[in-house]
Amino acid sequence: MTTQLSDSATDSGPVTDAEFVEPPQTVIWALRDSWNEATRHLRAVPRNLDLLIFATLQPIMFVLLFRYVFGGSISVPGFSYNQYLMPGIFAQTMVFGSGFTGIGLAEDLQRGFIDRLRSLPISQSAVLVGRTVSDLLRNLLTFAVMLAVAFAIGFRFEGGLVRGIGASGLLLFFSYAFSWIQALIGLSVKSVEAANSGGFLWMFPMTFVSSAFVPTEDMPSWLAKVADANPFTVATNAARALYNGNDPGSDVWQALAWATGITVVFATLAIRRFTRTASR
Amino acid sequence: MPVVEAVDLAKSFGETQALRGLDLTVERATVLAVLGPNGAGKTTAVRILTTLVRPDSGHATIDGIDVVAEPARVRARIGLTGQYAAVDERLTGRENLELIGRFFRQSGGRARERATELLTGFDLVDAGDRVVKGYSGGMRRRLDIAMSLVARPKVLFLDEPTTGLDPRSRLAMWELIESLVAEGTTTMLTTQYLDEADRLADSIVVVDHGTVIARGTPQELKDRLGGHTVTVDLLPGAGPETPAAVVAALAPHRTAGPVRHSDRHRVVVSVRADTTTPDVVHDLDAAGLVVADVTVERPTLDDVFMGLTGHGASENELTTENGTGTRTGTRSKNKTKTSSGAKP
Ligand SMILES: Nc1ncnc2c1ncn2[C@@H]1O[C@H](COP(=O)(O)OP(=O)(O)O)[C@@H](O)[C@H]1O
Ligand SMILES: [Mg+2]
């Protein structure tokens, strides 16, 4: 080997090597570290196009199945079922998309990559921020494809473009908040398989016992109570009102409060967990 | 000042005491091998020294900096290659290296330059722009180590760098580590392979159940446990009195204890560590004995381990499977011979 690969014995004494940087722990650097980590995942997206395609095919399938299989038999007063259903499917797809965060982290843990990252002089939270932000961007892509399909089968922003974008942003924010729940799960379980089932299992009852697919009034009253208290119902109702140009009441603010609260609480827990965990 | 210093480290996971008072130091530009069977606490020691795990008690410094008090400054000075290759399979080799460079605040240009240097040095130039998913085990390991060297660390930690590699990759890895060492990289490596520690390390600590049970240079460890033997092969026509005469002629070199083996064809005795083949030949000549062959055998670290722990390292399936794979036929033969007779 001819190239100088490592610190040489001749340069002894305290650290003077120009390569050697005392890690400045500033917010700017934390953001750069986060973005660096996010690009690690984003670079991989076009290389795993099949993964992205399947991730978007599933919601498209949902859109089409619900629209054409159930669409005829479910009627919602004041809405065409299409206009009622699509916001629910968008919301469900977005929170399901958060599941990638937990799986990805569990994979990194299992492969020892987390050990490597934790042994670097970088901001510890950057690893999780980078991961969640890259998943947010991937979900944005999924959302765009899904919106295009929805438009093709007649869905419209009846409340106008601004509200339509606002509703979509709200759902993405919700998805981001749930990424932090998934991050905590991914860091807490023992395997990728467990992150997969542990991450998705509870999201089925959460998204179905809600106003996403049918009005909660149609449910047995005890179930309707649960569904109405479900933050997922709040977010769906808020988005649905905005897409359709109805008055959302306090739903938008409540939904924002939920997403903010979940993000703050679970980011704190996940980051704390991260700094104490090590690869398995 | 040692580059790595660990004093009385203890760490438990629930009921399991992974470390119970571990001490070790690594001097600048030397290699320390931490040798021990599975579960001895090697990885836990590496994790503490690389700031990934906090010790329950004891303390450790890297380049004089405390690993618990100032982890960020420690991280700026170390390179870690864990037990499993920590490479991002979805990226190319070059991208993996540049990623680490950027994490070390290298400019884009510098990160690219360094990646090229390392790809060249680690024989990965052709594979550099391919996605790591297609790499062989040996290539992943090389990339993994290269990633640990991006910022020219003061000390490189290698946790079982050859576990799971086939014999050829293993030999290549040894050569790679030797060339890093020749450049002066301070290294602490862990291994379950005795021959690996023997070949690569300047000093060895033998760890079992979370404590150091022996330390020294490979030579010192071998000397301490003795086990040097002389084997004399007799001529086909040797008379029945010859074996006894040979034993008598070797008396000046022998250590206490019985003759290990003696029959019409061969005599094996234990001798002091400073015995050389010419000495033996000279003494046999002086006694007027003509023999077919003389070999002086040094003990292997297998013998050392057997002597220290009471259970051979060969109990470990990995050592028996791969450990002998790269040895020459004669050395493995010697090894079985000595370890079968050397039980203290
Ligand atoms: N995170 C952990 N949780 C529980 N037990 C652990 C953990 N890490 C290590 N151990 C236990 O500590 C002991 C030492 O483990 P380790 O340091 O990995 O040994 P080695 O690397 O020498 O094989 C083993 O008994 C192992 O099961
Ligand atoms: Mg280990």
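The values are calculated or read from the model by the stated rules, or taken from the named source; none is laboratory data. No experiment lies behind these values; they were computed from the predicted model shown. Heads up, the Cβs are rebuilt from the backbone with ideal geometry, glycines too, and the neighbour counts pull from every protein chain shown. Accessible surface areas use protein heavy atoms only, side chains included; no ligands, DNA or RNA. Shrake-Rupley method; radii C 1.70, N 1.55, O 1.52, S 1.80 Å.
Kindly work out what percent of the DSSP beta bridges joining two residues of the protein assembly as shown are antiparallel, to the nearest 5. Don't skip to the answer; put the middle values down first.
Working: 35 of 52 bridges.
Of those bridges, close to 65 percent are antiparallel.
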Within 10 Å of each Cβ in peptide B:77-85, how many partner chain Cβ atoms are there on average? Round it to a whole number, please. 5
Pseudo-spin-label distance residue B:296 to residue B:261, built 7 Å along Cα→Cβ, given in nm, is 2.0
According to a simple spin-label model (label point 7 Å from Cα along Cα-to-Cβ), what is the distance in nm between residue B:116 and residue B:175? 2.6
Treating only the Cβ atoms of Lys and Arg (+1) and Asp and Glu (-1) as charged, compute the dipole magnitude of the protein assembly as shown about its Cα centre; round to the nearest 20 debye. 1320
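With a 1.4 Å probe and every protein chain kept in, tell me what percent of the accessible surface of the stretch B:226-298 is carbon plus sulfur.
On the way: 2180 of 3730 Å².
Carbon and sulfur atoms account for 58 percent of the accessible area of the stretch B:226-298.
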Along the charge dipole of the protein assembly as shown, pointing to its positive end and built from +1/-1 on Cβ of Lys, Arg, Asp and Glu, which listed residue (A:178, B:43, B:96) has its Cα farthest out? A:178
Please list B:5, B:160, B:117 in order of solvent-accessible area, largest first, computed with a 1.4 Å probe with all protein chains present. B:5, B:117, B:160
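Treat every Asp and Glu Cβ in the stretch A:4-276 as -1 and every Lys and Arg Cβ as +1, leave all other atoms uncharged, and give the resulting dipole magnitude about the Cα centre to the nearest 20 debye.
Numbers: 18 positive and 19 negative charges, 74 e Å.
For the stretch A:4-276, the charge dipole is close to 360 debye.
Which sequence of B:103, A:157 reflects their accessible areas, 1.4 Å probe, from the largest down?
On the way: B:103 0, A:157 45 Å².
If we order B:103, A:157 from most to least accessible, we get A:157, B:103.
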Exposure of residue A:202 as accessible area (Å², to 10), given a probe of 1.4 Å and all protein chains: 80
I'd like the residues of the stretch B:3-51 whose 1.4 Å-probe accessible area shrinks by no less than 20 Å² going from the isolated chain to the full set of protein chains. B:28, B:47
Where the centroid of each part is defined by its Cα atoms, how far is the stretch B:122-190 from the stretch A:104-154 in Å? 29
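First measure r as the distance between the Cβ atoms of residue A:256 and residue A:165, then evaluate 1/(1 + (r/R0)^6) with R0 = 22 Å and state the FRET efficiency to the nearest 0.05.
Values: r = 15 Å, r/R0 = 0.69.
After rounding to 0.05, the efficiency reads 0.90.
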Once the whole set of protein chains is in place, how much accessible area is left on residue A:153, using a 1.4 Å probe, in Å² to the nearest 10? 40
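Taking a probe of 1.4 Å, how large is the accessible area per residue of chain A, in Å²? Don't skip to the answer; put the middle values down first.
Numbers: 12090 Å² over 280 residues.
Accessible surface, normalised per residue, equals 43 Å².
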Counting only Cα, what are the radius of gyration and maximum Cα-Cα distance Dmax of the stretch B:226-298, in Å? 10.9, 33
Magnitude of the Cβ-charge dipole (Lys and Arg +1, Asp and Glu -1) of the stretch B:4-221 about the Cα centre, nearest 20 debye, reported as 780
Shielding of B:148-159 by partners, i.e. mean partner chain Cβ atoms within 10 Å per residue? 4
Just A:172, A:223, A:187 to compare: in a GNM of chain A, with alpha carbon springs under 10 Å, which one fluctuates most? A:223
Among A:76, B:1, B:81 - extreme Cα towards positive end, dipole of the protein assembly as shown, charges at beta-carbon: A:76
When every protein chain stays in place and a 1.4 Å probe is rolled, A:147, B:171 sorted by accessible area with the largest first are B:171, A:147
Using r as the Cβ-Cβ distance of residue A:43 and residue B:224, and R0 as 60 Å, what FRET efficiency do you calculate, to the nearest 0.05? 0.65
In a GNM of chain A with a 10 Å cut-off on Cα contacts, which of A:68, A:84, A:176 has the highest mean-square fluctuation? A:68
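Need one number: buried accessible surface between chains A and B, 1.4 Å probe, both sides summed, DNA, RNA and ligands left out, in Å² to 100.
Working: alone 14490 and 15990 Å², together 25850 Å².
The contact between B and A buries close to 4600 Å².
How much area per residue is accessible in chain B when the probe is 1.4 Å and only protein heavy atoms are counted (Å²)? Each step should come with its number before you reach the end.
Working: 13770 Å² over 344 residues.
Roughly 40 Å² per residue, with all protein chains present.
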Along the charge dipole of the stretch B:226-298, Cβ charges K/R +1 and D/E -1, which of B:228, B:292, B:265 sits furthest on the positive end? B:228
Among beta bridges assigned by DSSP with both residues in chain B, the antiparallel ones amount in percent, to the nearest 5, to 65
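Write down the percent of antiparallel bridges among all DSSP beta bridges whose residues are both part of the stretch B:226-298, to the nearest 5. Provide the component values of the computation, followed by the final result.
Numbers: 14 of 14 bridges.
In the stretch B:226-298, approximately 100 percent of DSSP beta bridges are antiparallel ones.
Mind checking the full-extension length gain between residue B:66 and residue B:16? Use 0.36 nm per residue of separation minus the Cα-Cα distance, one decimal, nm.
On the way: separation 50, 0.36 × 50 = 18.00 nm, distance 2.52 nm.
So the extension gain works out to 15.5 nm.
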Give me the one-decimal nm value for the distance between modelled label points at residue B:285 and residue A:222, 7 Å along each residue's Cα-to-Cβ direction. 10.2
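Tell me what chain B gives for mean residue ellipticity at 222 nm when only DSSP H runs of n ≥ 4 count, each as -39,500 (n - 2.57), the sum divided by the residue total, rounded to 500 deg cm²/dmol.
On the way: 13 runs with 128 residues, N = 344.
It lands at -11000 deg cm²/dmol.
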Which of B:217, B:276, B:16 moves most in a GNM of chain B, Cα contacts under 10 Å? B:16
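Looking only at other chains, what is the average number of their beta-carbon atoms within 10 angstrom of each beta-carbon in B:113-124?
Numbers: counts 0, 3, 0, 1, 3, 3, 1, 4, 6, 3, 1, 0.
That works out to 2 on average.
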Under the helix-only model (-39500 (n - 2.57) for each DSSP H run of 4 or more, divided by the residues of chain A), the mean residue ellipticity at 222 nm, to 500 deg cm²/dmol, is -22500 deg cm²/dmol
When each pair of different Cα atoms in the protein assembly as shown is counted once in the 1/r mean, what is the Kirkwood radius in angstroms, to one decimal? 28.3
